[in-house]
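*Asks:* This is the structure I want to talk about, given as structure tokens.
The values are calculated or read from the model by the stated rules, or taken from the named source; none is laboratory data. Treat the numbers as computed from the prediction; the structure is a model and nothing was measured. With ideal geometry, Cβ positions are generated from the backbone for all residues, glycine too; neighbour counts draw on all protein chains shown.
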Amino acid sequence: MIKFKNLGSVDTRSGFGEGLLELGKENKNIIALCADLTGSLKMNAFKENFPERFIQVGIAEANMMGIAAGLTIGGKIPYTGTFANFSTGRVYDQIRQSIAYSDKNVKICASHAGITLGEDGATHQILEDIGLMKMLPGMTVINPCDFSQTKAATKAISKINGPVYLRFGRPKVPNFTSYSIDFEIGKGIKLIEGNDVTIIATGHLVWEALEAEKELSKLGISAEVINIHTIKPLDKDIVLKSATKTNCIVSCEEHNIIGGLGESISRVLVNNFVCPMEFVGVKDKFGESGSPSELMEKYGLNSKNIIEKCKKVISRKS
């Protein structure tokens, strides 16, 4: 069982920046492209160290995707960087036609995902991006939980051939995964063993799931906590192994419950092992302006709501 502790709060986008810099030192084929948000994406260090391999595209995200697709033809590994909304919704046609359909080796790296972008509001937030990306054939979708895991994921995706969507965030969140843990694409991580209910979380909600487990244990409820960083391909084995033990699942994500992790899990259950399931996520709504903590509270993306969903799903087992 993996041991974890809060190593301090750090934004996940900084994990991306550090991972990208290390990649630049290790592999000369790594090219970074940014759509006028170099500082926000923490790509400054890469730009300063490898100016010849950094392309500032400007506010032209669609063009950035086209350039990235073209660079792969020459054997380069392009990493594109902008906000998640602009990385997916604004450029969906370019990703579908030029990258996914052609199976180009482009790494689409998206910061400021979900509602924790905060005060910038619904026009800059996005809660549909996982759904948009996971529906594209051949697209790998990754949503790490903290600084360390984002850094590891940034490096790991360079080693697989094909398009990848890497999603991370703006706010500082607890950093608790070990630097020594190997990041294996497509493999979930069991953080806590339990018998009464399975909590499967991704991204910022993993820490909230761990906090919920602490409170549930005080109530005599044994919760199993699983970190799913790779939403596609989903680790079906870890889902089914846990589901057949606890006989109920709660999924947790900073995303619309339509099209997200929860839907992928429910499909696995319907096809293999039917059991009660509850969803923690945004219920078919756009975001709004507010601080990240206020929005997480309003939309129920916290340990308090996870606890309530666990109680509910356990009651449904009988």
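*Asks:* Can you tell me how many residues in the stretch 291-311 are in contact with a helix residue (DSSP H, G or I) (Cβ under 7 Å, 6 or more places away or on another chain) and either assigned to a helix (DSSP H, G or I) or buried (at least 16 other Cβ atoms within 10 Å of the Cβ) (or both)?
*Replies:* Residues that pass the stated criteria total 8.
*Asks:* Would you mind finding the one in ARG53, ARG96 that is farther than 24 Å from PHE183 by Cα, touching a strand residue (DSSP E or B) at 6+ places or on another chain (Cβ under 6 Å) and either charged (D, E, K, R) or not assigned by TED's automatic domain parsing to the domain that holds GLY131 (or both)? Write out each step before concluding.
*Replies:* On the way: ARG96 fails: touching a strand residue (DSSP E or B) at 6+ places or on another chain (Cβ under 6 Å).
Step by step, each of ARG53, ARG96 is checked, and only ARG53 is farther than 24 Å from PHE183 by Cα, touching a strand residue (DSSP E or B) at 6+ places or on another chain (Cβ under 6 Å) and either charged (D, E, K, R) or not assigned by TED's automatic domain parsing to the domain that holds GLY131 (or both).
*Asks:* May I pose another question? Test of understanding: among LEU210, LEU205, LEU234, LEU216, which residue is out of contact with any strand residue (DSSP E or B) (no Cβ under 7 Å at 6 or more places or on another chain), at pLDDT 95 or above, farther than 23 Å from LEU37 by Cα and not assigned by TED's automatic domain parsing to the domain that holds ASN105?
*Replies:* Values: LEU210 fails: out of contact with any strand residue (DSSP E or B) (no Cβ under 7 Å at 6 or more places or on another chain); LEU205 fails: out of contact with any strand residue (DSSP E or B) (no Cβ under 7 Å at 6 or more places or on another chain); LEU216 fails: out of contact with any strand residue (DSSP E or B) (no Cβ under 7 Å at 6 or more places or on another chain).
Of the residues listed, the single one that is out of contact with any strand residue (DSSP E or B) (no Cβ under 7 Å at 6 or more places or on another chain), at pLDDT 95 or above, farther than 23 Å from LEU37 by Cα and not assigned by TED's automatic domain parsing to the domain that holds ASN105 is LEU234.
*Asks:* To continue, here is another question. Which of the following residues is in a helix (DSSP H, G or I) and assigned by TED's automatic domain parsing to the domain that holds LYS104: LEU20, LEU37, LEU41, LEU33? Give the steps one after another, and end with the answer.
*Replies:* Values: LEU37 fails: in a helix (DSSP H, G or I); LEU41 fails: in a helix (DSSP H, G or I); LEU33 fails: in a helix (DSSP H, G or I).
Being in a helix (DSSP H, G or I) and assigned by TED's automatic domain parsing to the domain that holds LYS104 holds for just one of LEU20, LEU37, LEU41, LEU33, which is LEU20.
*Asks:* Just checking, does the stretch 220-241 include any residue being of a type outside the set (Phe, Trp, Tyr), in a helix (DSSP H, G or I) and more than 27 Å from PHE147 (Cα to Cα)? Spell out the reasoning first.
*Replies:* Our first condition is that a residue be of a type outside the set (Phe, Trp, Tyr); within the stretch 220-241, this holds for 220-241.
Next, from what is left, pick out any that are in a helix (DSSP H, G or I): 236-241.
Those left that are additionally more than 27 Å from PHE147 (Cα to Cα): 240-241.
Checked against the condition, which is being of a type outside the set (Phe, Trp, Tyr), in a helix (DSSP H, G or I) and more than 27 Å from PHE147 (Cα to Cα), the stretch 220-241 yields at least one hit.
*Asks:* Follow-up. Of all residues being of a type in the set (S, T, N, Q) and part of a helix (DSSP H, G or I) in the stretch 58-85, which is nearest to the chain's Cα centre (by Cα)? Just the residue, please. So that I can check it myself, show each step before the final result.
*Replies:* Our first condition is that a residue be of a type in the set (S, T, N, Q); within the stretch 58-85, this holds for 63, 72, 80, 82, 85.
Checking which are part of a helix (DSSP H, G or I) leaves us with 63, 72, 85.
On the way: ASN63: 24, THR72: 24, ASN85: 14 Å.
Applying the filter and picking the extreme gives ASN85.
*Asks:* Just the residues that are part of a helix (DSSP H, G or I) and either free of Cβ contacts under 8 Å to residues at least 24 places away in the same chain or charged (D, E, K, R) (or both), please, taken from the stretch 86-125. Don't jump to the end; show me each part of the working.
*Replies:* Filtering the stretch 86-125 down to residues part of a helix (DSSP H, G or I) leaves 86-88, 92-100, 118-120.
Passing the criteria: ASP93, ARG96, GLN97, GLU119, ASP120.
Here's the yes/no breakdown for (1) under 18 Å from LEU20 (Cβ atoms); (2) buried (at least 22 other Cβ atoms within 10 Å of the Cβ):
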| position | (1), (2) |
| --- | --- |
| LYS76 | yes, no |
| PHE83 | yes, yes |
| THR88 | no, yes |
| VAL91 | no, yes |
| ARG96 | no, no |
| SER102 | no, no |
| VAL106 | yes, yes |
| CYS109 | yes, yes |
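*Asks:* Condition (residue is in a helix (DSSP H, G or I), assigned by TED's automatic domain parsing to the domain that holds VAL282 and in contact with a helix residue (DSSP H, G or I) (Cβ under 9 Å, 6 or more places away or on another chain)) applied to the stretch 251-262: is it met by at least one residue? If you could, list the steps in order and put the result at the bottom.
*Replies:* Initially, the stretch 251-262 is screened for residues in a helix (DSSP H, G or I), giving 261-262.
Now drop any that are not assigned by TED's automatic domain parsing to the domain that holds VAL282, which leaves 261-262.
Those still in the list that are in contact with a helix residue (DSSP H, G or I) (Cβ under 9 Å, 6 or more places away or on another chain) too: 261.
Yes - at least one qualifying residue is present in the stretch 251-262.
*Asks:* Still on this model: When only residues in the stretch 120-157 that are more than 16 Å from SER264 (Cα to Cα) and among the hydroxyl-bearing types (Ser, Thr, Tyr) count, which is farthest from the chain's Cα centre (by Cα)? Reasoning before the result, please.
*Replies:* Residues of the stretch 120-157 that are more than 16 Å from SER264 (Cα to Cα), as a first pass: 120-126, 144-157.
Remaining after also requiring among the hydroxyl-bearing types (Ser, Thr, Tyr): 123, 148, 150, 154.
Values: THR123: 20, SER148: 13, THR150: 9, THR154: 12 Å.
If we take residues in the stretch 120-157 being more than 16 Å from SER264 (Cα to Cα) and among the hydroxyl-bearing types (Ser, Thr, Tyr), then THR123 is farthest from the chain's Cα centre (by Cα).
*Asks:* State all residues of the stretch 146-177 that are aromatic (Phe, Trp, Tyr) and outside any helix (DSSP H, G or I); if no residue qualifies, say none. Working first, answer last.
*Replies:* Let us first name the residues in the stretch 146-177 that are aromatic (Phe, Trp, Tyr), namely 147, 165, 168, 176.
Of everything in the stretch 146-177, those that are aromatic (Phe, Trp, Tyr) and outside any helix (DSSP H, G or I) turn out to be TYR165, PHE168, PHE176.
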